[in-house]
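Here's the structure, in structure tokens; my notes come after.
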Amino acid sequence: MSETESKVGQIIDRYGGEKSALIQILLDIQGTFSWLPQEGLAEVSKRLDVPLTRIYHIGTFYKAFSLVPRGRHTVLVCTGTACHVRGAPTLLDRIKEMLNLNPGQTSKDMKFTLDTVNCLGCCALGPVIVVDGEYHGKPTAADLQRIFEKCE
């Protein structure tokens with residue numbers, strides 16, 4: 001048994017192998033690996049007796065899941081209306097240049113994944129980015145440099 005299958009098995013066991021916990025199991029797998037590895041999904045399918053196609057349907061439906069490897073650090077840029085009018089396009093351009101990434105991409109060293117979101121629910125702080133769950137409103141170029149340097 002591979003390390004991936006073993007870790008996935010432990011996650012499944014925490015939920016007593018219940019099919020009703022499928023989404024939570026997938027969330028835990030996503031949290032453990034930063035993505036949903038195919039080998040892990042096959043183990044879920046086998047252990048829960050759920051068709052792999054159903055698991056892939058869920059994995060592609062929810063934005064919380066990724067079927068491709070993601071970076072150790074996730075950078076989200078809000079592009080909602082309030083952030084947009086407060087400079088989100090310029091902020092996104094600056095981040096793209098600093099990380100050498102476009103939204104939806106992961107750096108070759110697997111350090112960063114850059115994504116955009118439609119709203120983070122903190123419009124008064126806009127433009128806003130979230131790095132590893134930490135919110136940053138109106139970041140300057142110097143702020144961004146400091147934020148990204150803190151990531152390992």
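The values are calculated or read from the model by the stated rules, or taken from the named source; none is laboratory data. In this text, all values refer to a predicted model and were calculated from it rather than measured experimentally. Reconstructed Cβ throughout: ideal geometry from the backbone, glycine too, with neighbour counts over all protein chains shown.
Some notes on this structure:
- On the stretch given as segment 40-61, residues that are part of a loop (DSSP other than H, G, I, E, B) and free of Cβ contacts under 8 Å to residues at least 24 places away in the same chain total 1.
Every residue, every condition in (1) touching a Phe, Trp or Tyr at 6+ places or on another chain (Cβ under 9 Å); (2) surrounded by 15 or more Cβ atoms within 10 Å (Cβ to Cβ); (3) not acidic (Asp, Glu), yes or no:
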position	(1), (2), (3)
Ser20	no, no, yes
Gln24	yes, no, yes
Pro37	no, yes, yes
Gly40	yes, yes, yes
Glu43	no, yes, no
Arg54	no, no, yes
Gly59	yes, yes, yes
Tyr62	no, no, yes
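- On the stretch given as segment 104-123, residues that are free of Cβ contacts under 8 Å to residues at least 40 places away in the same chain and surrounded by fewer than 14 Cβ atoms within 10 Å (Cβ to Cβ) total 4.
- Annotation: Asn100 fulfils all but one of (1) in contact (Cβ under 8 Å) with a residue 24 or more places away in the chain; (2) closer than 18 Å to Glu152 by Cα; the unmet one is (1).
- Consider segment 108-152 and keep the residues that are part of a loop (DSSP other than H, G, I, E, B) and of a type in the set (Asp, Glu). The one that is modelled with the lowest pLDDT is Glu152.
- Single condition Pro89 does not satisfy, out of (1) outside any loop (DSSP other than H, G, I, E, B); (2) touching a strand residue (DSSP E or B) at 6+ places or on another chain (Cβ under 9 Å): (2)
- Filtered residues of segment 62-83 (kept if in a helix (DSSP H, G or I) and either in contact with a Gly (Cβ under 8 Å, 6 or more places away or on another chain) or farther than 17 Å from Cys123 by Cβ (or both)): Ala82, Cys83
- Some residue of segment 27-34 being in a helix (DSSP H, G or I), out of contact with any His (no Cβ under 7 Å at 6 or more places or on another chain), modelled with pLDDT of 95 or more and closer than 16 Å to Ser6 by Cβ: yes
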